[in-house]
Every structure is written in C-alpha cells, then in structure tokens.
Amino acid sequence: MSDEMPQDRSTRDEGNVNKTAELNRYAFKWCWGTVDVSDARVWNPLVAEMITAASVMTELWERVLSPRQRAELSESFAAESEWDMRSAAAFLAGASRLGHASPSRMTSFSADERSSSALDEACTAWREQALQAGLPLPPARARVRHADPEHITAAVLPRLTGCDCAGYVDGERCRDRAHQGLYAAAYALNRHGADVLHADTVAKAYRATGGPAWDAVRTALVNTVAHHVGIKAQSLASLIRPTDPTRLTAFSRLVSQSNHLSREAASRGFASPFDTLDVMSEQARLHAREAVSRMRVTR
C-alpha cells in the first residue's frame, strides 16, 4: 500500500475531519533533522537521516568491518548469528537519534544556525506545516522541559522494542531479565567516550519526552526504521541479549560514525516530508553507499 496522501472527494465538513486524520498519520515526517537555509528545502526530515544512518551501518558492516570485528560485535551483543547482529546494528544506529523527536528539540528549529530573516521565515513556515500535519508542538514561546536527546532515547527506546512490563515508571529500568538487553543497548547508543549513561539522568529525561502524543510520533519513527532494515521493532530482544554496556564501546563508535556520515550525506540533497517512505528508503541507501565509498577512498 502506498503512503502517498490520497485526494479528498468528501464534503467540506467531512473533508476537514478526514484530512486531519490523514495528515496525523504523517506527523512524524515533520520532525526536522538538519536545518540549512542554503538548501532549497531548508530542512531535512529526521526520519530520512535515521534510515540513512541505518543504511550506513549496513554498508560499514558489509564493506568495512573485518570478519573478526563482526564476530566480536556479535559476541558482545550475545547475538545468535551475525545476520541477527547486522540487522540489530542497523536498526539501533537508525534509532539512536530517536530522542531528537521531543518538544524541546523540535522547538529549537533555528538554534544551530546563525539568526537571519530567511531562517525566521523558514522556521515559521515549518511550524505552520508541522502543526497542520499533526506534530504535537507546544505553543510558541511556551516553557518546555529539556533533556539531552541521548537521554530521551535511552528512556523511551526499550518500551518501543519489546519491554511492555506493568509498573514501568519514568524510564526506570525494567527488572525482567528477558528485557535487560534492550536497556543495555539503549544506554550504549549515545555514549561519550567510555562513559555510560547514568540511570538516574535517564529517568529524569523521561519527564521531557512530551507524553503520549510524542510517544506516537516516536513509535512511527522506530517502526519506519525497523521496516527499512527488515525487522519488527518488537523483535529486538530475540535478536540481541547484551548484558554489559561497557563491552559495547566499539559499537557506540560505529553508531556515532553512522550518524556523522548520514548528516554529511544529507548535504547532497534534502528529502521532502511529502516523499513516500519507499522514495526515502531508496535515497537513504544510495546516500549511504556513496558516503561509505567516499570514506574508503579518503582513509
């Protein structure tokens, strides 16, 4: 089934309701990843950069990592096979920026760019379109809770990849042994050097996630990445079972490299939120192949 927005032939009142419902299905596409007023499209959808990072990880796995490195990564994640590890690695690289889909990040549209009238106009246009598409942005100039994206990712990702235990409170780690690998992986995604994210900081970050409306946005992003790499997000616990985040340092570096190359690839042409997911996926794989080829040439 295509994800193109269908033409509306209903009555005016019915059309308004149907259009809103239809647009809300695509709200996640209006999360921005990179902003650059020199590009004709000004901003690149976060989902495009997430699936590009997933594709970069796949390219690194197949074309750069040695058999020994692949085996060591599979062992550190207690994966049953290298194929399972390859799929999980690509998914996790893509999902590592999930925490960018939060109220505090999305309201800082122009924070990384030098202020200008062109940027202000672009921000206004994006906000209007994003609200129309159903992105649950807070009111302009409203005070919102802030947390670093990596802490938000660690707080929410386990719940989107298989931990459905009752009594889950504010990002607190689940005590089900079958789910511990989900937390070890989520905590390892965005590390700073050898430092592992602290559980207390992650728990506090849960307050900045934005609630159920933003949970729906992040669910759509995670499922899109999972579909792109050919797995179901809820199956992650059956693919990998890491127990010690300190053993995942090499993987953390690969995730960082995948995200760096995906953002570099974005400079070769932004996607559009109106692109179908099939078009985005095809472009992501092309950009990933080109990015890794350039990296190998310049090493």
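The values are calculated or read from the model by the stated rules, or taken from the named source; none is laboratory data. Nothing here was measured: the structure is a model prediction, and the numbers come from that model. Using ideal geometry, Cβ is built from the backbone for each residue, glycine included, and neighbour counts are taken over all protein chains shown. Ligands, DNA and RNA are excluded from the accessible area calculation, which covers all protein heavy atoms including side chains. Shrake-Rupley method; radii C 1.70, N 1.55, O 1.52, S 1.80 Å.
Quick notes on this structure:
- The stretch 105-146: number of residues that are touching a residue at least 60 places away in the same chain (Cβ under 8 Å), under 21 Å from D36 (Cβ atoms), of a type outside the set (A, V, I, L, M, F, W, C) and part of a helix (DSSP H, G or I): 1
- The C-beta contact set for the stretch 76-89 (first residue open to solvent by 30 Å² or more (accessible area, probe 1.4 Å), second residue among the aromatic types (F, W, Y), distance under 7 angstrom, 6+ apart or interchain) comprises R86/W61.
- Count - residues of the stretch 273-299 that are modelled with pLDDT of 95 or more and among the small types (G, A, S): 3
- Every residue from the stretch 182-231 that is assigned to a loop (DSSP other than H, G, I, E, B) and either within 25 Å of L135 (Cβ to Cβ) or in contact (Cβ under 8 Å) with a residue 40 or more places away in the chain (or both): L189, N190, R191, A194, V196, L197, T209, G210, G211, G230, I231
- Among the residues here, K19 does not qualify as closer than 21 Å to L131 by Cβ, at pLDDT 95 or above and out of contact with any Lys or Arg (no Cβ under 6 Å at 6 or more places or on another chain).
- Enumeration of residues in the stretch 33-62 that are surrounded by fewer than 20 Cβ atoms within 10 Å (Cβ to Cβ) and modelled with pLDDT of 95 or more: E62
- Qualifying position, being under 26 Å from A166 (Cβ atoms), surrounded by 17 or more Cβ atoms within 10 Å (Cβ to Cβ) and touching a helix residue (DSSP H, G or I) at 6+ places or on another chain (Cβ under 7 Å), among V202, V229: V202
- Candidates in the stretch 255-299 are the residues that are assigned to a loop (DSSP other than H, G, I, E, B) and open to solvent by 70 Å² or more (accessible area, probe 1.4 Å); of these, the one that is nearest to R97 (Cα to Cα) is S267.
- Complete set of residues in the stretch 218-243 that are over 22 Å from A288 (Cα atoms), in contact with a Leu (Cβ under 7 Å, 6 or more places away or on another chain) and hydrophobic (A, V, I, L, M, F, W, C): L236, A237
- Selection status of W126, surrounded by fewer than 14 Cβ atoms within 10 Å (Cβ to Cβ) and out of contact with any Leu (no Cβ under 6 Å at 6 or more places or on another chain): no
One line per residue, one yes/no per condition, for (1) touching an Asp or Glu at 6+ places or on another chain (Cβ under 9 Å); (2) closer than 27 Å to A122 by Cβ:
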position	(1), (2)
D36	yes, yes
W61	yes, no
Q69	no, no
L73	yes, no
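- Residue match in the stretch 218-226 (condition: open to solvent by 30 Å² or more (accessible area, probe 1.4 Å), within 17 Å of the chain's Cα centre (by Cα) and at pLDDT below 95): no
- The stretch 232-254: number of residues that are in a loop (DSSP other than H, G, I, E, B), within 21 Å of A71 (Cα to Cα) and open to solvent by 10 Å² or more (accessible area, probe 1.4 Å): 3
- Residue check, S267 over 15 Å from V47 (Cβ atoms), of a type in the set (G, A, S) and in contact with a strand residue (DSSP E or B) (Cβ under 9 Å, 6 or more places away or on another chain): yes
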